[in-house]
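The values are calculated or read from the model by the stated rules, or taken from the named source; none is laboratory data. Here the structure is a predicted model, which means the values were calculated and not measured. We place every Cβ from the backbone using ideal geometry, glycine too, and count neighbours over all the protein chains shown.
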Amino acid sequence: MKTKIRPSELALFGALLLLVSAGMTGCASPGSLAPRVVLHPVDNPIPPPKAGVYDARSVDVPPILVSKSKPRYPRELKSVGGGEAVVLFTVRADGSVTDASIVKADDILFGESAMEAILKARFRPARVNSVAVDCRMKTPFIFTYHSYFVSVFNSIFPDFSDPDRPRFASPGVSDAPLGPGPPDQAPERPF
């Protein structure tokens, strides 16, 4: 047996459906579900170098990265989607890293994560007249929350149509080149 719906009932049902869907859309707005993240940016001046520490531009052979530690993406900032930090540090004559400090960061947590990672890194030391010396450097860290999921997806389902495409991207850190000029002329990025 078929039930006949009157036009007035159909209009009422349509209006009710519209109200419910509009209300649900309002409930799903980003501001109402999750608390808004307040960023705490950092912008510190670069202090003068300590006595006996060379600038990276004044050495014969710059420090060369031997081992690195991937910075962690701050869990508290996952809703932000990404950020940057610039860290100043000294590569000692033995290749260890000391005196790390945050020069600039979109949030203090990005800066702290970058600083933790750089303190775990090891370098071949800078050289002046073939002698290993302490050398001060700075490097940017670019954080992207989305890249972790993209790299995991790409490692599981690689695109074999592009032989030059890297198969396993480093999660959480961008591969953007450092310095001016085209990417093929940019200096090698340590992180």
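Some notes on this structure:
- Test: residue 91 is over 25 Å from residue 45 (Cα atoms) and aliphatic (A, V, I, L, M): no
- Residues in the stretch 119-137 that are touching a Pro at 6+ places or on another chain (Cβ under 9 Å) and not hydrophobic (A, V, I, L, M, F, W, C): 124, 125, 127, 134, 136.
- Criterion violated by residue 129 - all others in (1) surrounded by fewer than 14 Cβ atoms within 10 Å (Cβ to Cβ); (2) at pLDDT below 95 satisfied: (2)
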